[in-house]
Amino acid sequence: MTPEVSALDKALAKVCELCPVCLHARYHQQGVVFEFVRNVEQDICPFCKAYERVHGKKAHERRG
């Protein structure tokens, strides 16, 4: 059972999609920024959490 994604989740996920830090982490997959996003996304950032709910992937994982 997966809960439906709300409009708020989609709006918050859009912020993560356009975030320069998250974009850098998704593209480069290594380095300080990547580690920062990987460690912050689960505990602190509501945008990264929404990104995972909407896309089914972590904010640091490559899109494809």
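The values are calculated or read from the model by the stated rules, or taken from the named source; none is laboratory data. From a predicted model like this one, the values you see are computed outputs, not experimental measurements. Note: ideal-geometry Cβ built from the backbone for every residue, glycine included; neighbour counts use all protein chains shown. All accessible areas refer to the heavy atoms of the entire protein, side chains included, with ligands and DNA or RNA removed. Shrake-Rupley method; radii C 1.70, N 1.55, O 1.52, S 1.80 Å.
Tabulated values for the structure
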| item | result |
| --- | --- |
| Scan of segment 1-17 for residues that are within 10 Å of the chain's Cα centre (by Cα) and among the hydrophobic types (A, V, I, L, M, F, W, C), ordered by number | Leu12, Ala13, Val15, Cys16 |
| Search result, residues across segment 1-21 that are assigned to a loop (DSSP other than H, G, I, E, B) and within 18 Å of Arg62 (Cβ to Cβ) | Cys19 |
| Matching residues in segment 29-52 - criterion: being open to solvent by 80 Å² or more (accessible area, probe 1.4 Å), polar (S, T, N, Q) and over 21 Å from Glu4 (Cα atoms) | Gln30, Asn39 |
| Failed item, numbered, when His24 is tested on (1) open to solvent by less than 100 Å² (accessible area, probe 1.4 Å); (2) farther than 17 Å from Arg63 by Cα; (3) outside any loop (DSSP other than H, G, I, E, B) | (2) |
| Search result, residues across segment 46-63 that are in contact with a Phe, Trp or Tyr (Cβ under 9 Å, 6 or more places away or on another chain) and either of a type in the set (Gly, Ala, Ser) or touching a residue at least 12 places away in the same chain (Cβ under 8 Å) (or both) | Lys58, Ala59, His60, Arg62 |
| Members of segment 31-64 found to be out of contact with any His (no Cβ under 9 Å at 6 or more places or on another chain), in a helix (DSSP H, G or I) and of a type in the set (Val, Ile, Thr), listed by number | Val32, Val40, Val54 |
